[in-house]
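As C-alpha cells, the structure follows; a few thoughts come after it.
Bear in mind that the values in this text are calculations on the coordinates, not laboratory data. Just so we're clear, the structure is a prediction, and the values are computed from it rather than from any experiment. Note: ideal-geometry Cβ built from the backbone for every residue, glycine included; neighbour counts use all protein chains shown.
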Amino acid sequence: MPLTNTVDRFGSVTKTFHWLTALLILTLMPLGIVANRMAYELRSATGPSDELLAQTAWLFSLHKTLGVAVFFVALARIAWALSQPKPGLLHPDRKMESLAAETVHWLLYGSLVLVPLSGWIHHAAASGFAPIWWPFGQNLPLVPKSEAVAATFGGAHWVLTKVLAVSLLLHIAGALKHHVVDKDATLRRMWFGHTSVPQTSGSHKHALPIVAALAFWALALSGGAAIGVYAPHGEHRDAEELAEVQSDWQVQEGRLEITVTQLGSEVTGSFADWTAAISFDETVDNGVAGTVEVTIAIGSLTLGSVTDQAMGPDYFNVTDFPTAQFVAEIIPVVDGYEAQGTLTIKGQSMPATLPFGLSVNDDTAEMRGSLTLDRLDYGVGTNMADEASLKFAVGVDVALTATRDTE
C-alpha cells in the first residue's frame, strides 16, 4: 500500500491521520462530558472528598493533554493534505451533495484546530487545577492570566465543540450513506489494505464550501454571545459591599492576593474589594507606631477555575461569613515593620503577624508584605485533610500605596 495519495485513492499516511484523529476525538468527547459532570458534582457537593477532587483533576488533565495532541495531529494532517493530491469525487455529477460534503470537511478540519486551540488558550489564561501532562509548562506566549480571556475562550471552546460534534455526525452519516445506500467505495478507500476503486479525475475546486464553513462558525459564535457563554464565571455579585472608610492614611491603590497549592499547582487569586483604615506615625521608632483595620469582602475573590469551590460552605462559606477582618498594631522592627494583631475568617479569630517593608516619601507611603496562614486554623477546607490535594499553607501578599490625609 503506497504511503502517498493518488488521484483515485488515499495513501497509508492519510489513512493513519484520519483514523488516529477519529480515535482521539471519539475519546475526548465522552471524556470531556464525564469530566464536566464530575466538576459540577464537585462544585455542588457538600464536603467533596479528596478522592473526588483527584479523580476530577485527573480526567481534566487527560482531556487537556489529549486535546493538545489533537491540535498537533490536526496541524500535521492539514500540512500533509496540502502536500498531496486529493482523490477525485466518486459522484462528480452530484454537485449539491459534493458541495455539502466539502463544507463538512472544511468544518471538520477547522474545528480540529480551533477546538483544542480555544481550550488550550482557556487553560493558559486561567489559574486552576488539572495541568497538561507535558514538560513545556502551562502558559502560552501572548496569553495573559486573565479571567476575561479565560471566560471568552472557554465559551468559544464550548461553542466550537458543538460545531465539531455536528460536523462529525454529518461526516459519519455521509460515510454510512455512501457505504450502505450507495454501496460505493467512499468509505472503503479510506480503510487500510487494497480496495478496488473506480478511476477518478481531480476534485472540483469551489470557494463556496469555505465561505459556508466560515459563515457557520460565525453564526455559532454569535449564538454563543447571545446566550452569554463568554461571560466570566465565578463572579459573586452577592459580595458584601464595603463602605468607604476615613483614616489618617487613604489607600489610593492596592493588591491583596492569596496563593493556594492544589494538586501540586499554585493558584493565585485576588480580592477586588477591601478597605483599610490606617493610623500611622513614621517618626515613632519604638513601641506602637500606628494601627490598621482591614475589612475584606470574601465574595470579591477570584481564584481561577476554583473560585466557585472556594466560596462554598466547606471553604470560605461566603453566605454565612461575607467578610474577613484583620485588626492590628503597627510595630517598628529591625528590618521594617510588623502588623501584629488578630485575623478573623469564618468567625475564627487567630493571632497573625504581617511583616512588611515601608517607604515613605513626604505624604505618600508604599508598603509590601506577606505572610503564610494555615487554612485549617480558620476552618477552611477541613474536608481536604490530605495535603496532596490542597496544601494547608496559604500565602498572602499585600501591596498598597497610601497618601496622608492632610485636611
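Ordered by packing density, taken as the mean number of other Cβ atoms within 10 Å over each peptide's residues, highest first, how do 119-125, 191-197 rank?
Peptide ranking by packing, descending: 119-125, 191-197.
How large is Rg over Rh for the stretch 63-112, taking Rg from the Cα atoms and Rh as the Kirkwood inverse mean of 1/r across Cα pairs? Show your work: numbers first, answer last.
Values: Rg = 13.8 Å, Rh = 12.6 Å.
That ratio is 1.10, to two decimals.
Would you mind checking the pairs K15/K162; K64/K391; K64/K145; K64/K86 and listing those with alpha carbons more than 21 angstrom apart?
The pairs that break the limit, which is 21 Å between Cα atoms, are K15/K162; K64/K391; K64/K86.
How large is the translational diffusion coefficient of the stretch 38-144 in µm² per second when you combine the Kirkwood radius over alpha carbon pairs with Stokes-Einstein at 10 °C and 1.306 mPa s? If you can, show how the numbers build up before the last one.
Numbers: Rh = 16.9 Å.
Reported coefficient: 94 µm²/s.
Calculate how steeply helix 12-44 sits against the longest principal axis of the alpha-carbon atoms of the chain, using the helix alpha-carbon long axis, and give the answer as 0 to 90 degrees to the nearest 10.
Helix 12-44 and the main axis of the chain meet at about 30 degrees.
How high is the relative contact order of the chain? Use alpha-carbon pairs under 8 Å, at least six apart in sequence, and give a whole percent.
Worked out over the chain, it gives 15 percent.
Which order do the peptides 281-287, 357-363, 216-222, 7-13 take when ranked by the mean count of other beta-carbon atoms within 10 Å per residue, highest first? Can you show the working numbers first?
Numbers: 281-287: 9.3, 357-363: 11.3, 216-222: 14.6, 7-13: 17.9.
The packing order, highest mean first, is 7-13, 216-222, 357-363, 281-287.
What does the helix-only formula give at 222 nm for the chain: each DSSP H stretch with n ≥ 4 adding -39500 (n - 2.57), the total divided by the residues, and the result rounded to the nearest 500 deg cm²/dmol?
Helices in the chain give a 222 nm mean residue ellipticity of -13500 deg cm²/dmol.
Under a plain spin-label model, where a point goes 7 Å from the Cα along Cα-to-Cβ, how far apart in nm are Q340 and D362?
Each label point is offset 7 Å from its Cα along the Cβ direction, giving 3.4 nm.
With the chain treated as a Gaussian network of Cα nodes joined by springs under 10 Å, which of P135, P87, P209 yields the largest mean-square fluctuation?
Of the options given, P135 has the highest mean-square fluctuation.
If each residue of separation counts as 0.36 nm, what is the full-extension length gain between S270 and H171 once their alpha-carbon separation is subtracted?
Fully extending the segment from S270 to H171 adds 31.1 nm.
Which ³J(HN,Hα) values in Hz, rounded to whole numbers, follow from the phi angles of the stretch 312-323 under the Karplus curve 6.51 cos²θ - 1.76 cosθ + 1.60, where θ = phi - 60° and Gly and Pro get x?
x, x, 7, 10, 7, 6, 4, 5, 8, 10, x, 10
Bin width 5 Å, alpha-carbon pairs only: give the P(r) of the stretch 244-296 as whole percents, running from 0 to the bin holding the largest distance.
Values per bin, smallest distances first: 4, 15, 20, 16, 14, 13, 9, 6, 3, 0.
Per residue, how big is the convex hull of the stretch 249-404 when only Cα atoms are used? Give it in Å³.
Cα convex hull per residue, to the nearest whole number: 105 Å³.
Translational diffusion coefficient, Stokes-Einstein: compute it for the stretch 12-226 using the Kirkwood radius over C-alpha pairs as Rh, at 4 °C and 1.567 mPa s, and state it as an integer in µm² s⁻¹.
67 µm²/s
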